[in-house]
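Read through the structure below, which is laid out as structure tokens, and then see the notes.
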Amino acid sequence: MKFATALAFSDPLHFVELARTADRCGWDWLAVSDHIVFPRRLETRYPYADDGKPMWFADTPWPDPLTAIAAMAAVTRRLRFLTHVYILPARHPLLVAKQVGTVAYMSGGRVALGVGAGWMKEEFDLLGRDFHRRGASMNEAIEVMRKLWQGGMVEYHGSEVAFEGLQMSPVPAQPVPILIGGVSDAALRRAARLGDGWISVLHSTDELALLIGRINELRREYGTDVKPFEMVVACSDAFDVDGYRRLRDVGATTLCTAPWVLYGADPGSLEEKQDSLERFAEDVIDKMRE
């Protein structure tokens, strides 16, 4: 089982030093979240809270994930990076393919693109993207990016994106893995049909077992169960080695967590967060690999 640290809500000025620490003490991934802006008037309901309100404020930092990953990749050698999750249909896929492909190329292939359909209509409106077609837009974007990352002269003719022969360079030595987040039926089906993996929101172990089982059913239905597949999960009731082993047993391949929350550290203290990374590596990661 692999382990990822979620950097959401952390000071972006801490990212580089946290990456150095995680790289040194055995973490597998750092996960960087995504929002573009936070509007003064937010009318869209946040789907993961009962009251429909986000758990953060307008001044909560949301650095550009790919820029942040580039900075962290430059000071690490082994650690990998995951967008968790990138709002893909809010951007033009050619630009995303260029940015992600460049970071993947220059980092030696240490980047995976976790994507989601997005929930905040205001962001789409500001960028001139159609919120109500975001599912179809994401499906097409995944096809476009994979075609461009093949290298050489390619063309594409879709409903939203179309181009004659063109070439993007440089491209990664291997295609960038695309993991798909979400728990709706459409998201689970998209992950099973198009994804190299799935990213959960916060669930119990029993809930994750059902969701992972459903994705595996869909993968068999689509004939995609023969290829490797990541199950990246966040869990609300696993806090020790035994709990993480139960997650592994139900099919999770990567746990995404914030160890400073687990240990009650000060989230504003870089030193305490570094200590939490090291402590979790000793308490959990080393034991899981014995």
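Laboratory data are not the source of any read-out in this text; all were calculated from the coordinates shown. Since this is a predicted model, take the numbers as computed values, not measurements. Cβ coordinates were reconstructed from backbone atoms using ideal geometry, including for glycine residues, and neighbour counts include every protein chain displayed.
A few comments on the model shown:
- Estimated D of the range 115-201 in µm² per second, where Rh is the Kirkwood radius over Cα pairs and Stokes-Einstein applies at 20 °C, 1.002 mPa s: 151
- Cβ crowding within 10 Å averaged over residues, with 43-51, 77-85 ranked highest first: 77-85, 43-51
- Note on the chain: Kirkwood hydrodynamic radius from all Cα pairs is 19.7 Å, rounded to one decimal.
- Formal net charge of residues neighbouring P172 (Cβ-Cβ distance under 14 Å; K, R +1; D, E -1): +4
- For M288, M153, order by how many other beta-carbon atoms lie within 10 Å, fewest first: M153, M288
- Based on C-alpha pairs under 8 angstrom that are at least 6 apart in sequence, the chain has a relative contact order of 19 percent.
- DSSP bridge orientation in the range 142-290 - percent antiparallel, rounded to nearest 5: 25
- Along principal axes, Cα extents of the range 13-74, largest first, whole Å: 42, 21, 15
- Compactness index (Cα Rg / 2.2 N^0.38 Å), the range 184-249: 1.11
- Among D34, D125, D196: highest mean-square fluctuation, GNM of the chain, C-alpha pairs under 10 Å: D125
- Our summary gives the range 149-241 a relative contact order of 23 percent, counting only alpha carbon pairs under 8 angstrom and 6 or more residues apart.
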